[in-house]
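*Asks:* Questions regarding the structure given below will be posed in turn.
Nothing in this text is a laboratory measurement; each read-out follows from the coordinates by a stated rule. What you see is a predicted model; the values in this text were computed from it and never measured. FYI the Cβ positions are ideal-geometry reconstructions off the backbone, even for glycines, and counts take in every protein chain you see.
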Amino acid sequence: MDDTGVTEAQPSGIDARIGHDGTRIDLDGVTKRYRIGEVDVTALEDINLHVDAAAFVAIVGPSGCGKTTLLNMIGALDVPTSGTVRVGGIEASGASPGERAKLRRHTVSFIFQTFNLFPSLTAFENVRFGADAAQQQDSAGRAEEALAQVGLAERSRHFPHQLSGGEQQRVAIARALASGNPILLADEPTGELDFRTGVQILRVLEEQARAGMTVLVVTHNREIARIADRVISLSSGRIVGDGPPPGGKANIDDLQW
Amino acid sequence: MTTGSSLGFWLRWSWSDLRSRWVAVVVIALVLAIGTGVYAGLGSTATWRRLSNDASFGQLGMHDLRVTLSPGTFVDEATLLELMSTLDGASRIEAAAERLVVDSQVDTGGDTSVLVPARLVGMAFDERQAVDTVWIRDGRAPSTDGEAVLEAKFADDRDLPDQGSLAVGSGPTVQYTGLGIAPEDFFYEGPEGTIFAEGELAILYLPLATAQNLADRPGAINDLVLTLAEGADRDEIQAQLRSAVGVSGLGATVSTRDDNDAVRVLYEDIDNDQRFWNALSALVLGAAALAAFNLVNRVVEAQRREIGIGMALGVPRKQLAIRPLLIGMQVAVLGTLAGIGVGLLIGNAFGNLLESFLPLPDHRQPFQFGVYAQAAALGLLVPIVASALPVWRALRVEPIEAIRTGHLTAKSSRLTDWTGKLRLPGSTMTQMPLRNVLRNPRRTTLTALGVAAAITALVGVLGMLDSFNRTLDEGSAEFTKGDRDRVVVQLDTFYPAGSDVVSAIADAPTISATDTGLRLPATALATPSDDELDLLLEFVDFEQAAWTPTIIDGPPLASGPGVVVAQKAADDLGTAVGETVTLRHPIRTGPLSFALAESEFTVVGIHANPIRTFAFLDLGAADDFGLGGVVNLVQAYPSAEGSATDVQRAVFGLPGVASSQPVSRISEAIDKALDQFLSFFIVTALAVLTLAVLISFNATRITVEERQREHATMRAFGFPLRSVLGVVIKEGVVVGVVATVLGVAGGAFFLRWMLSSLATTTLPDVGIDLYLSPTTLAIAAAVGIAAVAIAPLFLIRRLRRMNLPDTLRVME
């Protein structure tokens, strides 16, 4: 455990499917349009994106550029107006709601900006929920392991309202890890947090990527994106940049914002 | 911004709130409307009944005073009118009429033949009869000699047509040309003081001459009814009449309007009944108020963050309070307006029932402004208070606290902290419903209480029916004891047990066996209070008779002294088995002369009949009453091939037979009367049922709204819709079980209070035990659990169409 209280990643046990060929993400010609009142809004325009397994990718761009929409397409929460989305070998864009639910259950896990923890469940139970959702054996054991992994074993009996924002986000990460799903989708995971706590969270995410998970982090903060292996820049629904972080991959300890 | 434009701004915003929450607002308004409507609708009946009674008694000229000659005494026509004219107060008498009133029997003949005691009332059917006139409800008044009008309640009870013919005694047939009723007969109490006796006495209103012919009393009358001028001293004229009757040497009683059973019951019952309806409507209104409070509270609480933002932006707190308060006012106005409508509907339904239940010629049901104003005031107050409280709470907090994300999350409470230490079995999805319920005990309790209050009202109404029904069933069972063909033959006076009269009954065709007995009125004196209870003493051969009372407390029946009373009588008299009771009873001093005596009797048993009036002694005890060896009652049993009707037919017209009645008639009459009572309760029960379902539905709807982010999270993690629904339904079941248990307990408590306080005045002669039938419990469970659990199914479309990405990003 380091000085932030976060335990080093322990790849064994909870991520049995990491490295599986099915963790690849492919988006071809994806367009998403909404109609708000009388106005057509194009959230995404002809997106072609391919992410290999075990990659650590940051998606950056200003508010309203389509970052979250893109993440929702990959996470099968939303479907494109046109184009195809394949996640883990499954075409999510043409799947039925049930098939997409199955995909979410066994392939991807979410970390939300607003945590979305269940207020009536303790930290331990919230994490166990992730394991239960993915129908993992020994969900209690996996939950304990995941909580320990994010340094919150001592806080397992606490309810969300008894935890700080950073602790709540770590519980959310543990919930995603306990699912054992190979793809982790994080939407502005540090958006609600102060710098110090945000760094703790990024460290946990980086450790998961290092351990073999495919991690996609959406952020509007280009400084945070520097720790990813690959940075995809979006603007007005289009990919305007795709490559390693400008200036090279940074060490988390060097980040400042 | 000017004050006017500012108000317009808040009103527009509030209008927008209303449109986005119209289902919740309408449902809460409906809940409130049912509460205020039941209150307003039921609250009007007392005034309606009083007005209708006044108008009906007035229209038919109900007598102020009545002179009734002693049984067997008759005088020539005009004798009593002349006697009346000699009074000092004669000028204060407005109208008077002589009548001939005699007892008889009638047989309707035909396939639906019924043989019952009858009363022939000979009177005028023109302007000469201005007192106790007959309201012709169906058909027409008699136009020629030999025609009659049949009392309407009897005809209704016996399903007789509007016109027909009846055999009177063993004599001629009388054509009745219509159905009608005189004011003194608006209510008929049976000879044993029992209720449900409408079908047990056929009253025939006939032209005086027809009655005289039928009674074989040409030119005779025995009754005088009169009304007094306004302001006349009734007591003074009553005293003068008594004196004049006494001087003339006639045996007679002079009674007042207030001595009449119909007047007594119709007016006395109004206040007793209204107390019952008031208690019930208060309960329904309380349930609705609690539910409306809870629901408005939750709707307004959802705006707390926006209030916090407003405070953060420096908007004055008073202005911030306008918008949520307007929600309360919208609910209040809608609920009150709808409540008036519901009140009118319920009032109308009750009005119709009253018209069918009370055979009055003039039913008056004017709009009761005062009652509606009370209901409207309550309807306006409840939602405004309900919205004011959360607004007050929201405005008390610091802005930063109000705008904090997660403000809806349960704050730390001992229960919440304690539940965190619990490790519940099953997956997290299995645990979530219970966890959610425990998460906010205050909210859960309020929701459960709202549903529970509605169930309390429902159980109270249905339980009253159950208890009433069961009590009467017990009474019926005790009367019949498996032999519905037993016929009680009442003799017109006392006869030696071996007399020709009794032998003729025993020897009548189709009668296989008889038991003789006695029936005497008596008064029981309660100790230590001075209360008096009317009893009907029945002397039965405890060891030989085929029918004897069932003993539920005390040793088996045996010959000897002592009295067997009903449990209700023992309770009211403050006595028990082995203790004594004082009876004031007639004692025969000569062949047809009696004196009153007070004697102490040991209570040797409690019988199973819940009706307080009935008390039994062994026939051997008749000696103590000077009645050894004589009887006035015969229990007749038909032969194997005969029926009760055959027995009645066989004794019809026999000398000395006053009436004959199969015991099965009692239970039939009870069933019929229950159907009428049932109608009153069904109206209320339906309103309460709707209330409970609406409360359940809206509580669930708001829960689903509050939990939408949690539901979206579950679905984001791949749980199908049915799993999410399962959590909501299970949570509903947990709340529903709590609400049902509370509601049934509350209903039983309410019922116990009703039975111990109200029923003792409304039905003093009946001992009603609290009973909740399995059907009532099943309905309570169906409403409390099933309705709450099923409510989410109506929200499937909403859950299915939920925009997951948007919902997951909502900041509450």
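*Asks:* Please compute, for peptide A:107-120, the average count of beta-carbon atoms on other protein chains lying within 10 Å of each residue's beta-carbon.
*Replies:* 6
*Asks:* Still on this structure, please answer the following. Per residue of B:450-459, what is the mean number of Cβ atoms on other protein chains within 10 angstrom of that residue's Cβ?
*Replies:* 0
*Asks:* Any idea how far the Cα center of the stretch B:205-272 sits from the one of the stretch B:496-562, in Å?
*Replies:* After rounding, the separation between the Cα centres reads 33 Å.
*Asks:* Using amide H atoms built 1.01 Å from N in the peptide plane, name the residues 5+ places from residue A:49, or on other chains, whose amide H lies under 5 Å from its own.
*Replies:* Residues meeting the criterion, in which the H sits 1.01 Å from N, are A:27, A:28, A:29.
*Asks:* Ok, one more. What aspartates and glutamates sit close enough to residue A:32 to cross-link, taking a C-alpha to C-alpha distance under 12 Å and skipping anything fewer than 8 places away on the same chain?
*Replies:* Counting by Cα, and skipping residues close in sequence, residue A:32 has these aspartates and glutamates nearby: A:40, A:45, A:46, A:78.
*Asks:* I've got another one for you. Counting Lys and Arg as +1 and Asp and Glu as -1, what is the net charge of the other residues whose Cβ lies under 13 Å from the Cβ of residue B:597?
*Replies:* Neighbourhood net charge equals -1.
*Asks:* Moving on. Please list, ordered by chain and number, the residues whose modelled amide H lies under 5 Å from the amide H of residue A:44; skip anything fewer than 5 residues away on the same chain.
*Replies:* Those qualifying (amide H under 5 Å, at least 5 residues apart or on another chain) are A:32.
*Asks:* Taking every DSSP beta bridge with both residues inside the protein assembly as shown, roughly what % is antiparallel (nearest 5)?
*Replies:* Bridges in the protein assembly as shown that DSSP calls antiparallel: roughly 75 percent.
*Asks:* Would you grab the residues whose amide H sits under 5 Å from the one on residue B:64? Only those 5+ places off in sequence or on another chain, please, with H modelled 1.01 Å from N.
*Replies:* HN-HN under 5 Å from residue B:64: B:226, B:227, B:228.
*Asks:* Give a residue-ordered list of calculated ³J(HN,Hα) values for the stretch B:443-458 (Karplus: 6.51 cos²θ - 1.76 cosθ + 1.60, θ = phi - 60°; whole Hz; x for Gly, Pro).
*Replies:* Using θ = phi - 60°, the values come out as 5, 4, 4, 4, 5, 4, 5, x, 5, 4, 4, 5, 5, 4, 4, 5 Hz.
*Asks:* Rounded, prolate or oblate: which fits the protein assembly as shown when a ≥ b ≥ c are the square roots of the eigenvalues of the alpha-carbon gyration tensor, with rounded for a/c under 1.5 and prolate only if a/b beats b/c?
*Replies:* Here the protein assembly as shown falls in the prolate category.
*Asks:* Taking only C-alpha pairs under 8 Å that are 6+ residues apart, what is the relative contact order of chain B in percent?
*Replies:* Taking the mean separation of contacting Cα pairs over the length of chain B, I get 17 percent.
*Asks:* If you rank B:421, A:32 by fewest surrounding Cβ atoms within 10 Å, what's the result?
*Replies:* Ranking B:421, A:32 by Cβ neighbours within 10 Å, fewest first, gives B:421, A:32.
*Asks:* With an 8 Å Cα cut-off and a minimum separation of 6 or more residues, compute the relative contact order for the stretch B:190-326 in percent.
*Replies:* Reported relative contact order: 8 percent.
*Asks:* Quick one: helix B:261-301 against the long Cα principal axis of chain B, what's the angle to the nearest 10°, folded into 0 to 90?
*Replies:* Tilt of helix B:261-301: around 10 degrees.
*Asks:* Order of B:140-151, B:155-166 by packing, highest average Cβ count within 10 Å first?
*Replies:* Ranked by mean Cβ neighbours within 10 Å, highest first: B:140-151, B:155-166.
*Asks:* What percent do you get for the relative contact order of the stretch B:410-524 when only Cα pairs under 8 Å and 6+ apart count?
*Replies:* Relative contact order for the stretch B:410-524 comes out at 13 percent.
*Asks:* Taking the Cα centre as origin and putting +1 on Lys and Arg beta-carbons and -1 on Asp and Glu beta-carbons, what dipole magnitude results for the stretch B:485-662, to the nearest 20 debye?
*Replies:* Charge dipole, the stretch B:485-662, about its Cα centre: 340 debye, nearest 20.
*Asks:* If Lys and Arg each add +1 and Asp and Glu each add -1, what is the summed charge of the other residues whose beta carbon sits under 12 Å from the beta carbon of residue B:467?
*Replies:* Value of the local net charge: -2.
*Asks:* Okay, moving on. Would you mind ranking A:220, B:585 by Cβ crowding within 10 Å, fewest neighbours first?
*Replies:* A:220, B:585
*Asks:* Which is farthest toward the positive dipole end of the stretch B:485-662 among B:599, B:508, B:585, measuring Cα position about the Cα centre, with Cβ charges +1 (Lys, Arg) and -1 (Asp, Glu)?
*Replies:* The one lying farthest along the dipole's positive direction is B:508.
*Asks:* From the phi angles alone, apply the Karplus equation (6.51, -1.76, 1.60; θ = phi - 60°) to the stretch B:360-365 and give each ³J(HN,Hα) in whole Hz, x where the residue is Gly or Pro.
*Replies:* Whole-Hz 3J(HN,Hα) from phi for the stretch B:360-365: 9, x, 10, 9, 10, 9.
*Asks:* What's the average, rounded to a whole number, of partner chain beta-carbon atoms within 10 Å of each residue's beta-carbon in A:128-140?
*Replies:* Going residue by residue through A:128-140 and averaging, the value is 3.
*Asks:* Mean shadow of chain A, computed from the convex hull of its alpha carbons, in nm²?
*Replies:* With the hull built on Cα positions only, its mean projection is 13.3 nm².
*Asks:* Using only the alpha carbons, work out the radius of gyration and Dmax of the stretch A:159-207 in angstrom.
*Replies:* Looking at the stretch A:159-207, its Cα Rg and Dmax stand at 10.7, 30 Å.
*Asks:* Dipole size in debye (nearest 20) for the stretch B:677-746 around its Cα centre, Lys and Arg Cβ +1, Asp and Glu Cβ -1?
*Replies:* Dipole of the stretch B:677-746, to the nearest 20 debye: 200 debye.
*Asks:* Which semi-axes, in whole Å and largest first, does the equivalent ellipsoid of the stretch B:485-662 have when worked out from the alpha carbon gyration tensor as the square roots of 5 times its eigenvalues?
*Replies:* 29, 18, 13
*Asks:* Which angle from 0 to 90°, rounded to the nearest 10, does the C-alpha axis of helix B:369-396 make with the longest principal axis of chain B?
*Replies:* The helix B:369-396 is inclined about 30 degrees to chain B.
*Asks:* Nothing charged except the Cβ atoms of Lys and Arg (+1) and of Asp and Glu (-1): what's the magnitude of the dipole of the stretch B:203-273 about its Cα centre? Round to the nearest 20 debye.
*Replies:* It works out to roughly 540 debye.
*Asks:* Another one. Working from the alpha-carbon coordinates of chain B, get Rg over Rh, Rh being the Kirkwood radius.
*Replies:* 1.09
*Asks:* Okay, moving on. Report, ordered by chain and residue number, the aspartates and glutamates lying within cross-link reach of residue B:421, taken as a straight Cα distance under 17 Å and ignoring same-chain residues fewer than 8 apart.
*Replies:* A:125, A:144, A:154
*Asks:* For chain B, take the longest principal axis of its alpha carbons; what is the angle in degrees between that and the long axis of helix B:721-753, to the nearest 10 within 0 to 90?
*Replies:* Around 40 degrees separate the two axes.
*Asks:* Further, regarding this structure: Can you compute 3J(HN,Hα) from phi for each residue in the stretch B:349-355, using the Karplus curve 6.51 cos²θ - 1.76 cosθ + 1.60 with θ = phi - 60°, rounded to whole Hz and x for Gly and Pro?
*Replies:* Values, residue by residue: 4, 5, x, 5, 5, 4, 5 Hz.
*Asks:* What's the exposure ranking of B:300, B:23, B:487, B:733, going from fewest to most Cβ atoms within 10 Å?
*Replies:* The order, fewest Cβ neighbours first, is B:23, B:733, B:300, B:487.
*Asks:* Sorted from largest to smallest, which semi-axis lengths in Å does the alpha carbon gyration tensor of the stretch A:36-87 give for its equivalent ellipsoid, taking the root of 5 times each eigenvalue?
*Replies:* Equivalent ellipsoid semi-axes, largest first: 22, 14, 9 Å.
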